[in-house]
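See below for the structure under consideration.
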2 protein chains.
Amino acid sequence: MTMILDELVARLHPTQTLTGDATESYTRDASPAVPEMPLAVVLAESTQDVSTTLEWASTHRVPVIPRGAGSGVSGGATATKGSVIVSLERMKAIRELRPADRLAVVEPGVIIDTLDAAAREQGLMFAPDPASSAWATVGGAIATNAGGFHCLRHGVTADSVRALTVVLADGRVLRTGARSRKNVAGYDLTHLFVGSEGTLGIVTEATVKLEPIPRGQTRTFLVAFPSLMQAGSAVSELMASSITPDLLELLNRTTANLVEDFEPGHLDRGAAATLIGQVTDLDADAQIHQLRTLFARHGGEHFEVRKGDALIEVRKRVQPALAARGMGVAWMSSDAAVPPSRLSELLRHIEQLQIEDGRDISVVAHAGDGNIHAAVAGGAGGADDLAAAKRIVRAIAERAVQLGGTVTGEHGIGSLKRDFLALQFDETALEVQAHIKAALDPAGILNPGRAV
Amino acid sequence: MTMILDELVARLHPTQTLTGDATESYTRDASPAVPEMPLAVVLAESTQDVSTTLEWASTHRVPVIPRGAGSGVSGGATATKGSVIVSLERMKAIRELRPADRLAVVEPGVIIDTLDAAAREQGLMFAPDPASSAWATVGGAIATNAGGFHCLRHGVTADSVRALTVVLADGRVLRTGARSRKNVAGYDLTHLFVGSEGTLGIVTEATVKLEPIPRGQTRTFLVAFPSLMQAGSAVSELMASSITPDLLELLNRTTANLVEDFEPGHLDRGAAATLIGQVTDLDADAQIHQLRTLFARHGGEHFEVRKGDALIEVRKRVQPALAARGMGVAWMSSDAAVPPSRLSELLRHIEQLQIEDGRDISVVAHAGDGNIHAAVAGGAGGADDLAAAKRIVRAIAERAVQLGGTVTGEHGIGSLKRDFLALQFDETALEVQAHIKAALDPAGILNPGRAV
């Protein structure tokens, strides 16, 4: 193996490969998946470097794991034994920013917030905003089709990608899409790569959409509901209206109590569900008035409004509150999604699981998207706790699919959720995905064992 | 062949197959492509019918051409000798309309305007609006990833598709996507089928997005520019601003004169470019004021504003004015697209082609999308005229690609533009598309000779 590796090292700059202990910080992502010792880490600086690496890997059948910031929570970038990690962190240039075309051309390693800040200097924004946006990369967001807080208004990462440069398994360079806002020539290969978790190719350049910053006043609101059904019907009526909030988050009773334990003062411990939302518009106050009436009709209580995004702080306490209890997204958690009208059914199912299992299940949901984050409380993370968490997460995924949804709304399959694929896909769907994988990566060297 | 056909006829209801002269009205689309005699037309009424037909076709290697309303202009649905046309026109049910989930579940044969009208009864809209929306089907829009007048604000058809039921070449039924607004499980097969022009499978059900109807006042405006460069810089500055018009159309001098010949009164015959646009917003008048100043800075003249969409009528005269001269989209025409900032470069190239060739070239562009429609004037459509038109359309496509754009922005490749594919795609891109096609349709029976 050393001779094979020497061949790769010789084809790159001496500072571009790491081996042994030096690979350590590149072996984990933000999930509990356990890494193994990779053969090497390649610190790519260009499309050519990635091409060289993949050509070499293809020849020698070495598994390759592409890596952004390692902020993924599904084990999609964890090192496996004998693999080569291709880190894109050095490829962080914003190559072009073209406000008139509402697009930017970037390397994959650019940090999401960095790109957004550059866009905002031009009066535009880069919409994708996962919770990790301060350190996660645009390439990682593309590889996982990352969601975020503002998807309800601005869509997911896929909606912001127009064209890609992708290095294929054999080292060839593919250019997909176009810079124009419309393009119907050939198949949409761009969106085939978005969300494919590095299993079909490695993105080395992306042309992404920028969009105007919402105008008007920003208001945040908070409202408590005595029952999950009432909260659900309120969300349904809101989504059927002409109002599209910037975000709309739901905390179940367990989560509200965890947050109150962590930093008391804002939440009703007795409420079955709390909604926290935000609107930004020219008539924000009129929308707030309309929402107040709407929520009241569905039993909403303690409606509270603030200028700016003050109440979002309450929502942001959820992660630290969970972390303080050893829970959260880096622990075994569900990110299933359902159509918003079915959210309360999913939440009631989770309540039932909680009763049956005896463990608390914390839910914080992007309610307008029907996308939940559920974490199982209690225990020190031992084998029993993990088994219970897995059982519950699987039961939630199963129910979400029955309700017309998905086993994963924004975190991806990675290595941790592969046994959920069969919950969502029948044999035909699994086979078509396998055919696509085989067509693009016949030797199966690209992030094997992930995503599909 | 008759025995083979008998086998299919026996497996469907007697009223579901047409042969001989009865197939005539199913053999053409709205392009000048010349149809040949098909073996039969199948009038599918269910996913099962389509599955039966494709299973049969796969076994006997019979080419299958899916068909909506036949409104396509690129020869994507024209009958070829010995093919079976699968018409989806009988599958026109709106199965579900779920305002709270902002989605509808429809059969492919539903007319676009019918779906939009049903959505509007719920206070929502179905965004795709090609010029043929009164007779074109949702399935056809999905197969071609159709554009339309309001793409600038609402995106293309692909942006409105969430999940599909697709019958594969061998008759198996594939379900892609989910009803949830987010879904990152597996590969994005949904958007692989959107725009694939029936070459990868036949869509028999679609889950599509509905969206809120824009609020506020509607204003239309018209402004003339002395030069293409000034019009281009005005479009660029507008697109870099916070204003997103509902639509923004550009007429070149030739088009303005054709419209004036057809129905005089509104356009400046001397202007190099006329922009016609529309805004709908709570502060429409303030936006109009901002636009007036912006256009004036770039030499805009005769700025005119109307309440409602009055001036859109002027834009709508373009097609009849072209038709009166035997031109228009059903004649050999270009629908290339470029990033909006490069639009004036493309228009000046067209001006140059016009001078070199001596024939008038009419351009009407979805300017905000950088998507042109160029038709070559003069002649009675004889061989010389066709050759000249083809030469010019090819030259436009070539330049559009150089400017970062595409050979086709919204009409598709069909059968008429296949030799443009090599202008836009290198060998790797063509090969990847061929691999995908082979993975999903190994026998090559699905709309052979189209799209890729």
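The values are calculated or read from the model by the stated rules, or taken from the named source; none is laboratory data. Quick caveat, the model's predicted, so the values are computed rather than measured. Heads up, the Cβs are rebuilt from the backbone with ideal geometry, glycines too, and the neighbour counts pull from every protein chain shown.
If I filter the range A:276-289 for residues that are touching a His at 6+ places or on another chain (Cβ under 7 Å) and not in a strand (DSSP E or B), do I get at least one hit? Checked the range A:276-289: no residue is touching a His at 6+ places or on another chain (Cβ under 7 Å) and not in a strand (DSSP E or B).
When we screen A:HIS411, A:HIS373 for residues that are on the phi < 0 side of the Ramachandran plot, in a strand (DSSP E or B) and within 14 Å of chain B (Cβ to nearest Cβ), the only hit is A:HIS373.
Just to be sure before I move on: is A:GLN217 more than 23 Å from A:LEU124 (Cβ to Cβ) and of a type in the set (S, T, N, Q) in the structure I sent? Criteria not met by A:GLN217.
Looking across B:ARG215, B:ARG269, one residue alone is away from chain A (no Cβ under 14 Å), in contact (Cβ under 8 Å) with a residue 12 or more places away in the chain and surrounded by fewer than 24 Cβ atoms within 10 Å (Cβ to Cβ). It is B:ARG269. Select from the range B:168-205 the residues that are among the hydroxyl-bearing types (Ser, Thr, Tyr) and in contact with a Phe, Trp or Tyr (Cβ under 8 Å, 6 or more places away or on another chain) and write down the one among them that is farthest from the other protein chains (Cβ to nearest Cβ). Ranking the qualifying residues of the range B:168-205, first place goes to B:THR176. Of the helices (runs of 4 or more DSSP H) that lie entirely inside the range A:66-158, those containing 2 or more residues that are more than 12 Å from the chain's Cα centre (by Cα) and among the charged types (D, E, K, R) span A:112-120.
Restricted to the range A:15-44, and to residues there that are surrounded by fewer than 20 Cβ atoms within 10 Å (Cβ to Cβ) and of a type in the set (D, E, K, R), the residue that is farthest from the chain's Cα centre (by Cα) is A:ASP21.
A single member of A:ARG348, A:ARG399, A:ARG394, A:ARG342 is over 28 Å from B:LEU97 (Cβ atoms), touching a residue at least 12 places away in the same chain (Cβ under 8 Å) and of a type in the set (Lys, Arg), and it is A:ARG394.
Within the range B:172-209, being under 19 Å from A:LEU403 (Cβ atoms) and in a loop (DSSP other than H, G, I, E, B) holds for B:ALA178, B:ARG179, B:SER180, B:ARG181, B:LYS182, B:ASN183, B:VAL184, B:ALA185, B:GLY186.
Restricting the first member to the range B:150-167 and to residues that are touching a residue at least 60 places away in the same chain (Cβ under 8 Å), and the second to residues that are crowded, with 21+ Cβ neighbours inside 10 Å and assigned to a helix (DSSP H, G or I), the beta-carbon pairs closer than 6 Å and six or more apart or on different chains are B:CYS151/B:ASP369; B:LEU152/B:GLY368; B:LEU152/B:ASP369; B:VAL167/B:VAL50; B:VAL167/B:LEU54.
Could you tell me whether any residue of the range B:202-209 is more than 19 Å from the chain's Cα centre (by Cα) and among the acidic types (Asp, Glu)?
Yes: one or more hits.
Just for the range A:218-241: of the residues that are in a helix (DSSP H, G or I) and of a type in the set (Ser, Thr, Tyr), which one is nearest to the other protein chains (Cβ to nearest Cβ)? Only one residue fits best here, namely A:SER236.
For the range A:312-368, how many residues meet the condition of being hydrophobic (A, V, I, L, M, F, W, C), farther than 15 Å from A:ILE396 by Cα and part of a helix (DSSP H, G or I)? Within the range A:312-368, residues that are hydrophobic (A, V, I, L, M, F, W, C), farther than 15 Å from A:ILE396 by Cα and part of a helix (DSSP H, G or I) number 7.
Only residues that are of a type outside the set (S, T, N, Q) and farther than 30 Å from B:PRO63 by Cβ were counted in the range B:193-240, giving 25. State yes or no: is A:SER333 touching a strand residue (DSSP E or B) at 6+ places or on another chain (Cβ under 6 Å), assigned by TED's automatic domain parsing to the domain that holds A:ALA273 and among the hydroxyl-bearing types (Ser, Thr, Tyr)? It is true that A:SER333 is touching a strand residue (DSSP E or B) at 6+ places or on another chain (Cβ under 6 Å), assigned by TED's automatic domain parsing to the domain that holds A:ALA273 and among the hydroxyl-bearing types (Ser, Thr, Tyr).
Identify, by number, the condition in (1) within 14 Å of another protein chain (Cβ to nearest Cβ); (2) touching a helix residue (DSSP H, G or I) at 6+ places or on another chain (Cβ under 8 Å); (3) without any contact (Cβ under 8 Å) to a residue 24 or more places away in the chain that B:SER133 doesn't meet. Only one criterion is unmet by B:SER133, namely (1).
Looking across B:LEU164, B:LEU152, B:LEU97, one residue alone is under 14 Å from B:ALA206 (Cα atoms) and in contact with a Ser or Thr (Cβ under 9 Å, 6 or more places away or on another chain). It is B:LEU164. Condition check: closer than 30 Å to B:ALA438 by Cβ, in contact with a Pro (Cβ under 6 Å, 6 or more places away or on another chain), more than 8 Å from every other protein chain (Cβ to nearest Cβ) and not aromatic (Phe, Trp, Tyr). Does A:PRO448 satisfy that? In short, yes.
The residues in the range B:247-259 that are surrounded by fewer than 22 Cβ atoms within 10 Å (Cβ to Cβ) and within 14 Å of chain A (Cβ to nearest Cβ) can be counted, and the count is 0.
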